[in-house]
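The values are calculated or read from the model by the stated rules, or taken from the named source; none is laboratory data. None of these values were measured; they are calculated from a predicted model. We place every Cβ from the backbone using ideal geometry, glycine too, and count neighbours over all the protein chains shown.
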There are 4 protein chains.
Amino acid sequence: MAESVPDVHDRDEAEIEFGRIVAFSDGVFTIAITLLVLSLEIPPGGDLSELLSERAEQFFAYFLSFAVTARFWLAHHRFYGLVQRFDRRLVTLNFVYLSFVALLPFTTELIGDYSDDPLGVAIYAGCLAILSLAFLSQTYHAYGAGLVREDALPYRRRFTGPPSWIGVIIFGGSIPLALISPTLAVLTWLLMFVAGRWVRDRASGLSAPG
Amino acid sequence: MAESVPDVHDRDEAEIEFGRIVAFSDGVFTIAITLLVLSLEIPPGGDLSELLSERAEQFFAYFLSFAVTARFWLAHHRFYGLVQRFDRRLVTLNFVYLSFVALLPFTTELIGDYSDDPLGVAIYAGCLAILSLAFLSQTYHAYGAGLVREDALPYRRRFTGPPSWIGVIIFGGSIPLALISPTLAVLTWLLMFVAGRWVRDRASGLSAPG
Amino acid sequence: MAESVPDVHDRDEAEIEFGRIVAFSDGVFTIAITLLVLSLEIPPGGDLSELLSERAEQFFAYFLSFAVTARFWLAHHRFYGLVQRFDRRLVTLNFVYLSFVALLPFTTELIGDYSDDPLGVAIYAGCLAILSLAFLSQTYHAYGAGLVREDALPYRRRFTGPPSWIGVIIFGGSIPLALISPTLAVLTWLLMFVAGRWVRDRASGLSAPG
Amino acid sequence: MAESVPDVHDRDEAEIEFGRIVAFSDGVFTIAITLLVLSLEIPPGGDLSELLSERAEQFFAYFLSFAVTARFWLAHHRFYGLVQRFDRRLVTLNFVYLSFVALLPFTTELIGDYSDDPLGVAIYAGCLAILSLAFLSQTYHAYGAGLVREDALPYRRRFTGPPSWIGVIIFGGSIPLALISPTLAVLTWLLMFVAGRWVRDRASGLSAPG
């Protein structure tokens, strides 16, 4: 009887097959990245060239968010390839993480419309900083609670060491910067796509975005 | 010839592979949870801080529905991990269930816009009460018709006993409450995230949301 | 060299793995059924009970289309479980079919808004009649070109015989009826959910919707 | 320790399982093709027959984009069936490619609304020309870097030879044409669906769209 199983928590968690959790996460990523396109909208019946040039920032936001989402997915993907088991907390942390992944079409529309507004830029940066933190909370917990595969132990520093904090530092650090210059804050985000490689080469390790 | 197969119903149901039904359900969950973001919309060209503070309830509704959907998915997921076979009725009940899962982006938008309206809160609660009932109808039918795996028989009470009625009780019970105080009704929903554990510890069983 | 392979068409088709085609079809079905919810929209800041009662037809349209899509998916699913190989034509016919499956969120919104308009009802019926025909074209072709599994040959009448024409007859037949009475036309669609069983019991075969 | 693994790049890339990348791509395709329907919108409460006839181009755009997306998916699908390994560059090129696949619902809406506008037609053609180029960049790189299966080597000309350039030529070539006659430019796109077969028969090879 379930009622008398002492370690019922573990059993419960074992029942939810690991692959389904990862497939669910992949699904949220795929849908969120494809919904980014909804942030682009051209009203019918206007002067097209004018409408398009007014929306240059929306197109920039689309491609930026596409690249950011792709990087977060690659990191999530790589990390979960090393995870062997999971517990209730890892599942919860992953759902918190996914709730910010699914938010990306909204924040992308926001920054496309409010790219000159310090608040718009700060919210976009803030959501990505939280996303980066929610990812780190998973890697720290998985390594701490012994949920990773044995052959993944050597990669611990890569997923929890200084290079893994790049996303938090860049996006978190750009929040105060946004209040001074929104444009400058946006530009620092692009560092994410070069910083990873730079830090990695320096540390001879591999950085994970966020 | 199909025409002379006596037990053609069973055969028919066997043809629809079980895994596809579950994958279809997972797909609806993944898409519905990612479409929740569509309930968040900020018109361009306004005072952003004002627009955001006016929409505080929308953000609350987004994260609430994300958490609720995640819990329903975990319960569905766990239960279907124990199901071995299915019949026409289980498939039908599952589609009724999914039609209310797919409704979540709508009800989330509704409660984000009408969080102070007793009717808005009652509709949200009503849809989740129906969703909870539609889940229970599956667990009761599957256990009653012998569709679960043999090693899942000890978990019967968990999926059909009192703890499994928590979702129906909380969401159904909040409907009359919403007519008195919408805010209080919303607060009772949060019980769902603590009640499960409380009842489980009490009964030494595991509760399933809804 | 590809250039000298004589039967290059077959090879080409073999390269596209069958499972991916089916997964792609399932994906379109899952997304289309979940996007049906977009046909439901309540503007913020109005009298909610009035707005809802004005939209009763939209809710009816949502649940009708959900049930219709589920039935079409089950039929597609069952049939493709019997298909062993595919050729270029089957893939093309399937894409034509899917282009009308993906149209369902649009036609559902249309009939929710124009349920009293003969044209709105006729378009909805017309799209489902085409969908039914596009499904039949696949079953006829697959059986005619020998693409089904050997053990599926006895089911030929089920997928190409009179019962399989129910969808075409009901939806096609309701088009002229819609010009006289849109409401009556809508009611005949509900026959689809009882007719299948009735014809099947009569023929001792199993009908496929569409 | 990760820090001392010399060939860490390869290892890193190996960790991201190949199947997931392909599944991710398939997901983006499936969602994008199903979101095409969002380009069709009929406002409620108007003269339906008039509203529909005004939107004839939108329906044409929907079915055209559905067919185009299907062809691109088939080509992507066939090609990745031959790929054995991948490196960082192939993943990056694939994401660039997918960012234009995910753009299709937007460009489809654009050309549905601006089918008479040279700029609207040129943008649609331009996006598909870039998409075709982004596909070619993957096939060239995969063959150049030895990432394809050994038995796929004979197909090199098919994926990198003249027939593989059809998409770039048709869509790229229609951009200047659009400035003279938008309608003529749209008509040339239909060549894509016949040109493939024609060139293939001529070369006794198989063309890949784009």
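Of all the criteria given as (1) surrounded by fewer than 21 Cβ atoms within 10 Å (Cβ to Cβ); (2) at pLDDT 90 or above; (3) more than 20 Å from the chain's Cα centre (by Cα), the one not satisfied by B:Gly172 is (3).
Restricted to the stretch A:1-16, and to residues that are facing chain B (nearest Cβ under 7 Å) and assigned to a loop (DSSP other than H, G, I, E, B), which residue is modelled with the lowest pLDDT? For the stretch A:1-16, the residue satisfying everything is A:Met1.
The one condition from (1) modelled with pLDDT of 95 or more; (2) within 30 Å of C:Asp116 (Cα to Cα) that D:Val28 does not meet is (2).
Kindly provide the set of residues from the stretch D:56-85 that are more than 30 Å from A:Pro43 (Cα to Cα), within 8 Å of another protein chain (Cβ to nearest Cβ) and over 10 Å from the mean Cα position of the chain (by Cα), ordered by number. Quick ask: steps written out before the conclusion?
First, the residues of the stretch D:56-85 that are more than 30 Å from A:Pro43 (Cα to Cα): D:74-85.
Adding the requirement that they be within 8 Å of another protein chain (Cβ to nearest Cβ) leaves D:74, D:77-78, D:81-82.
Listed by number, the residues that qualify are D:His77, D:Arg78, D:Gly81, D:Leu82.
Quickly run through the stretch B:190-203 and pick out the residues that are at pLDDT 75 or above and buried (at least 19 other Cβ atoms within 10 Å of the Cβ). I'd like the intermediate steps shown before the answer.
Restricting attention to the stretch B:190-203, the residues satisfying the condition of being at pLDDT 75 or above are B:190-194.
Of everything in the stretch B:190-203, just one residue is at pLDDT 75 or above and buried (at least 19 other Cβ atoms within 10 Å of the Cβ), namely B:Met192.
If I ask for residues that are surrounded by fewer than 19 Cβ atoms within 10 Å (Cβ to Cβ) and not in a helix (DSSP H, G or I), which ones from the stretch B:70-85 would you list?
B:Gly81, B:Gln84, B:Arg85 - these are the residues of the stretch B:70-85 that are surrounded by fewer than 19 Cβ atoms within 10 Å (Cβ to Cβ) and not in a helix (DSSP H, G or I).
Does at least one position in the stretch C:86-99 carry a residue that is crowded, with 21+ Cβ neighbours inside 10 Å, within 24 Å of B:Leu93 (Cβ to Cβ) and either more than 14 Å from chain D (Cβ to nearest Cβ) or not aromatic (Phe, Trp, Tyr) (or both)? Looking through the stretch C:86-99, none of the residues is crowded, with 21+ Cβ neighbours inside 10 Å, within 24 Å of B:Leu93 (Cβ to Cβ) and either more than 14 Å from chain D (Cβ to nearest Cβ) or not aromatic (Phe, Trp, Tyr) (or both). Counting only residues that are surrounded by 14 or more Cβ atoms within 10 Å (Cβ to Cβ) and part of a helix (DSSP H, G or I), the stretch D:45-60 holds 7 of them.
Counting just the residues of the stretch C:17-54 that are charged (D, E, K, R) and more than 11 Å from chain B (Cβ to nearest Cβ), which one comes out farthest from A:Gly27 (Cα to Cα)? Explain how you work it out, then say what you get.
Of the stretch C:17-54, the ones charged (D, E, K, R) are C:17, C:20, C:26, C:41, C:47, C:50, C:54.
Those still in the list that are more than 11 Å from chain B (Cβ to nearest Cβ) too: C:17, C:20, C:54.
Values: C:Glu17: 21, C:Arg20: 16, C:Glu54: 35 Å.
Filtering first and then ranking leaves C:Glu54.
Counting the residues of the stretch C:30-84 that are in contact with a Pro (Cβ under 8 Å, 6 or more places away or on another chain), of a type outside the set (A, V, I, L, M, F, W, C) and farther than 25 Å from B:Glu109 by Cα gives 1. Of the residues making up the stretch B:121-147, not one is under 21 Å from C:Ile42 (Cα atoms) and at pLDDT below 95. Being touching a Pro at 6+ places or on another chain (Cβ under 9 Å), over 28 Å from B:Phe29 (Cα atoms) and among the charged types (D, E, K, R), is that true of even one residue in the stretch A:98-111? Checking the stretch A:98-111: not a single residue is touching a Pro at 6+ places or on another chain (Cβ under 9 Å), over 28 Å from B:Phe29 (Cα atoms) and among the charged types (D, E, K, R). Could you say whether any residue in the stretch A:137-160 is part of a loop (DSSP other than H, G, I, E, B), in contact with a helix residue (DSSP H, G or I) (Cβ under 9 Å, 6 or more places away or on another chain) and within 14 Å of chain B (Cβ to nearest Cβ)? For the stretch A:137-160, residues part of a loop (DSSP other than H, G, I, E, B), in contact with a helix residue (DSSP H, G or I) (Cβ under 9 Å, 6 or more places away or on another chain) and within 14 Å of chain B (Cβ to nearest Cβ): absent. Does D:Leu119 satisfy the criteria of being within 12 Å of chain A (Cβ to nearest Cβ) and either polar (S, T, N, Q) or surrounded by fewer than 24 Cβ atoms within 10 Å (Cβ to Cβ) (or both)? The answer is yes for D:Leu119.
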